[in-house]
1. Which numbered condition in (1) farther than 29 Å from Y306 by Cα; (2) at pLDDT 90 or above is the only one that S65 fails?
2. Any idea which residue in the range 327-350 is nearest to N42 (Cα to Cα), counting only those that are without any contact (Cβ under 8 Å) to a residue 40 or more places away in the chain and in a loop (DSSP other than H, G, I, E, B)?
3. Of these, A78, A84, which one is within 17 Å of I263 (Cα to Cα), among the small types (G, A, S) and touching a Ser or Thr at 6+ places or on another chain (Cβ under 9 Å)?
4. Given the structure, is D271 in contact (Cβ under 8 Å) with a residue 60 or more places away in the chain and surrounded by fewer than 17 Cβ atoms within 10 Å (Cβ to Cβ)?
5. If the Cβ limit is 8 Å and pairs must be 6+ apart or interchain, which residue in the range 301-325 that is free of Cβ contacts under 8 Å to residues at least 60 places away in the same chain pairs with which residue that is in a loop (DSSP other than H, G, I, E, B)?
6. Which of the residues that make up the range 289-320 are surrounded by fewer than 19 Cβ atoms within 10 Å (Cβ to Cβ) and among the hydrophobic types (A, V, I, L, M, F, W, C)?
7. If I ask for residues that are over 14 Å from F322 (Cβ atoms) and small (G, A, S), which ones from the range 373-387 would you list?
8. Quick one: in the range 151-164, which of the residues that are more than 21 Å from the chain's Cα centre (by Cα) and surrounded by fewer than 15 Cβ atoms within 10 Å (Cβ to Cβ) is modelled with the lowest pLDDT?
Amino acid sequence: MISEQMAELTRSGSAIRAMFEEGGRLAAEFGRENVYDFSLGNPSFPPPDAVRRAIGDVLNGAESSYAHGYMANAGFPAVRDAVARHLNALHGTSFTSGNIIMSAGAAGGLNVVLKTLLNPGDEVIAISPYFVEYGNYVSNYGGKLVVVPANRANFQPDPAKLAAAVTPATKAVILNSPNNPTGVIYTADTIAALSRALEKRQAELGISVYVLSDEPYRELVYDGSEVPYITKYYRNTIVCYSWSKSLSLPGDRIGYVVIPDEIDDYPLIFDAACIATRILGFVNAPSLTQLAVARCLNEKTDIEAYGENRRLLCDGLKSAGFEYVLPQGAFYMWVTAPNGDDAAFAAAAKKYNILVVPGASFACPGYARIAYCVSRDVIERSLPAFEKLASELGLRKD
């Protein structure tokens with residue numbers, strides 16, 4: 001018999017993955033060109049050419065002798081040093097290799113940190129809407145996810161609500177900006193207010209509350225927007241980063257964790273996180289990809305292509321009469337479900353071979369997520385289907 005926890009997860013499944021698999025079924029029935037799958041945040045754009053060259057250089061150069069081998073759990077020292085220097089140049093920080101642990105993506109990094117921090121019954125706060133797997137990550141280690149809703153007017157976190165949710169059992173707060181699923185960037189004013197609220201609650205309760213900054217979309221921003229680097233605002237911040245989106249490498253599972261010297265119990269947390277990497281079964285982040293990304297720290301995916309997709313989708317949905325939150329970053333559009341019923345909206349969309357994810361999957365019913373990290377052609381072909389959907393739902397055009 002499988003565990004009770006896994007039995008429940010098996011029964012409930014993932015709405016995102018279910019929609020993705022439904023896309024395969026519909027493609028077989030109607031033809032791939034007639035299905036508009038916006039379910040999964042799987043970049044359709046290839047990695048930059050520099051990444052491919054870097055992998056070849058590693059395999060054909062002096063590093064080839066250890067490109068597939070073990071190393072210290074924290075990762076290759078030279079790679080960690082390169083990441084630290086890169087971050088210092090970008091953000092004016094003063095990290096060293098002793099602050100960096102290479103990880104199996106941001107998700108792997110979050111699991112390492114949660115394994116390091118949580119005792120059974122400890123609480124972790126997430127701001128809704130949030131990435132659906134946070135609840136599973138927290139429960140993996142006996143923790144309890146506490147959900148605090150963002151302000152619905154702008155989907156910024158509410159500092160007062162966050163402070164009210166902090167209890168003596170609170171161990172961490174997960175922040176994700178640019179946000180999945182809304183595409184909203186948490187502003188510097190918001191981050192500063194959250195930091196003040198958390199500092200005050202830490203002092204009142206005599207506890208340490210760590211902010212876990214989940215950052216797979218940091219470089220994917222539009223219109224000159226900037227993403228605040230949270231370690232500069234809040235001392236007890238741990239950063240979990242991934243190159244999955246910035247270099248279009250979601251399946252290669254490569255990222256890093258930043259554990260600054262300034263956090264409470266830094267030496268213990270860093271050492272424990274290195275052990276967590278091993279005992280969780282990652283052992284270490286993929287060796288070849290570590291060595292390759294160290295050569296590509298200044299490379300980025302084609303943000304202009306994502307921006308053009310955003311423009312096409314925004315114009316098309318607005319013309320059809322839909323309401324949405326304008327994405328400032330990432331590659332998701334957060335659409336208001338007509339009549340407030342996100343499940344009914346997703347079901348109606350599927351009749352036109354449009355696959356979206358209901359907002360309830362992100363602890364925020366009444367909306368739906370559209371992942372526009374698809375080819376431009378998919379968006380262009382989908383717009384007539386969105387028009388038909390809008391007509392069925394009785395939406396009024398401007």
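The values are calculated or read from the model by the stated rules, or taken from the named source; none is laboratory data. Please read all numbers here as calculations on a predicted model, not as lab measurements. Quick reminder, even Gly has a Cβ in these numbers, built from the backbone with ideal geometry, and neighbours come from all protein chains shown.
1. With (1) farther than 29 Å from Y306 by Cα; (2) at pLDDT 90 or above applied to S65, the lone miss is (2).
2. A337
3. Details: A78 fails: within 17 Å of I263 (Cα to Cα).
On inspection, the qualifying residue turns out to be A84.
4. Numbers: in contact (Cβ under 8 Å) with a residue 60 or more places away in the chain: no; surrounded by fewer than 17 Cβ atoms within 10 Å (Cβ to Cβ): yes.
Judged against the criteria, D271 is not a match.
5. C314/L326
6. Selection gives L297, I303, A305, L312, C314.
7. Selection gives S375 alone.
8. In this case the residue turns out to be A153.
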